[in-house]
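*Asks:* One structure coming up, written as structure tokens, with questions to follow.
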Amino acid sequence: MRMPRRGLVIQARTRWLLVGLALLFSLVLLMYLLECAPQTDGNGSLPGVVGESVGKEYYQALLQEQEEHYQNRATSLKRQIAQLKQELQEMSDKLKSLQEKKSPKVNGMNYQGTKEQTSNDLLEFLHSQIDKAEVSVGAKLPSEYGVIPFESFTSMKVFQLEMGLTRHPEEKPVRKDKRDELVEVIEAGLEVINNPDEEDGQDEDDGVGDRQLYSENDFVEGYYRTERDKGTQYELFYKKMDGMEYRHVTLFRPFGPLMKVKSETVDISRSIINVIVPLAGRTEAFAQFMQNFRDVCIHQDKRVHLTVVYFGQDGLSEVKSILESVARETDFHNYTLVSLNEEFNRGRGLDMGARAWEKGEVLMFFCDVDVYFTAEFLNSCRLNAEPGKKVFYPVVFSLYNPAIVYANQDIPPPVEQQLVHKKDSGFWRDFGFGMTCQYRTDFLTVGGFDLEVKGWGGEDVHLYRKYLHGDLMVIRTPVPGLFHLWHEKHCADELTPEQYRMCIQSKAMNEASHSHLGMLVFRDEIEAHLRKQAYRTNSEAAG
């Protein structure tokens with residue numbers, strides 16, 4: 001059943017019409033009071049003013065002045081109403097013209113649609129824009145490049161993929177129209193939540209007094225993307241500070257007024273995430289990973305299971321020791337260690353981790369040992385994956401080599417201080433599809449990873465394409481709480497030409513920003529220039 005949509009522009013015009021009617025009613029009331037005013041003699045005094053004689057003429061003059069004021073206001077409103085009627089008539093004529101072109105005659109007569117039919121046709125067109133857009137169901141796409149990614153935003157910042165040479169990965173909206181757009185969307189979402197329709201899932205017994213009202217301060221995050229021939233989709237999330245229930249509102253602007261698609265309550269209080277990490281060696285990196293896991297998952301979130309799939313025997317005892325140490329110190333026992341005595345294969349490791357879970361349905365987060373995430377990201381993971389409907393493919397912010405980024409310092413700062421979204425500190429890893437949140441049943445239904453892929457890279461793209469070719473919606477957006485920490489890459493000779501190319505490409509992009517790489521390339525030229533400058537300065541001083 002189609003849910004009613006709000007037209008914000010029509011609402012505004014309706015309010016003006018009601019104001020006009022109210023003013024006309026006030027005018028009639030004043031005229032009635034004038035006619036029914038009691039007769040007074042010429043010496044009547046105005047109450048509260050001693051010794052000042054004010055007669056009927058004073059009241060008549062006062063009422064006449066008020067009457068002229070309201071008549072002017074009424075005339076202005078009538079003019080605005082007439083203008084609105086003219087605009088509606090012009091829109092109606094345009095629609096009729098289009099209809100007549102498509103079907104010039106019906107039973108030998110020119111088609112004459114009623115005003116109601118015209119309004120219905122307009123609404124039908126706007127609704128068809130929503131139906132065509134990828135809002136409620138996923139679209140089958142030919143490749144990974146066909147996805148239109150979302151851009152995420154909070155009440156203060158926008159996190160964007162397309163930067164060019166002037167924009168930044170994280171920035172406040174500079175253009176006033178963009179700021180106004182996001183403010184309008186947040187307020188429209190609040191209007192939907194605080195004044196729900198019957199279809200919004202609110203209990204009939206809940207009165208206005210019992211219902212929690214939301215404000216701008218309760219807005220958590222949002223995503224938006226534009227399909228150029230249909231409109232802009234907005235996914236908005238609100239949450240009270242002390243609650244675990246999120247309110248999720250989907251809005252769509254079909255190149256016109258915002259229209260509500262749905263409004264729902266999302267309870268994530270019981271949503272467990274199974275974090276699956278494939279690993280071979282890299283025990284120092286795993287120790288650092290577990291420090292982040294302890295802070296975020298054990299101390300803050302407390303609704304996470306950890307599955308580590310370890311390849312080989314080298315370093316296995318150290319990994320066991322790290323896990324047991326964390327368990328003793330935090331009383332955390334929700335972890336599984338799967339040991340495979342074979343060559344490392346990321347796809348197989350994640351596949352084994354998914355199948356090792358024996359408690360039914362669960363939300364999985366495929367993670368790497370070099371990834372740093374926040375508690376806010378875990379909630380984004382829960383909000384953007386839904387079994388049988390959508391999978392979440394966040395875009396990771398990949399940090400550059402700290403030895404280059406912080407070359408002017410004696411030592412790089414701690415990892416926590418490196419987690420900033422700046423051009424010279426990192427980039428949105430929009431070519432990577434390894435970090436993903438999806439439900440176990442969806443993963444098994446599409447057939448999981450291609451286990452024929454060996455070594456580094458490729459397996460995540462194959463899985464991503466399976467979802468693109470299916471009916472599930474793929475949510476693709478940069479998220480501020482997910483970072484890939486820099487580590488040195490080694491591209492093995494055993495890789496296929498395609499894998500080796502991908503590995504080298506990733507290695508080059510991970511090293512430093514365009515400007516920092518340029519400084520390295522032209523280092524000799526820069527040093528020669530500095531030597532010449534120093535020589536010239538010394539010569540002038542000696543002379």
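Bear in mind that the values in this text are calculations on the coordinates, not laboratory data. What you see is a predicted model, and the numbers here were worked out from it, not measured in a lab. Cβ atoms come from the backbone with ideal geometry, glycine included; neighbour counts cover every protein chain shown.
*Asks:* All but one of (1) touching a residue at least 60 places away in the same chain (Cβ under 8 Å); (2) under 30 Å from VAL137 (Cβ atoms) hold for ALA512; which doesn't?
*Replies:* ALA512 satisfies all of (1) touching a residue at least 60 places away in the same chain (Cβ under 8 Å); (2) under 30 Å from VAL137 (Cβ atoms) except (2).
*Asks:* If you check every pair at least six apart or on different chains, which have Cβ atoms under 9 Å apart with a residue in region 477-501 that is exposed (fewer than 14 other Cβ atoms within 10 Å of the Cβ) first and a residue that is aromatic (Phe, Trp, Tyr) second?
*Replies:* Pairs found: LYS489/TRP456; ALA492/TRP456; ALA492/TYR500; ASP493/TYR500.
*Asks:* Would you be able to tell me the number of residues in region 128-153 that are within 21 Å of the chain's Cα centre (by Cα) and either within 15 Å of LEU251 (Cα to Cα) or not in a helix (DSSP H, G or I) (or both)?
*Replies:* Of the residues in that region, 18 qualify.
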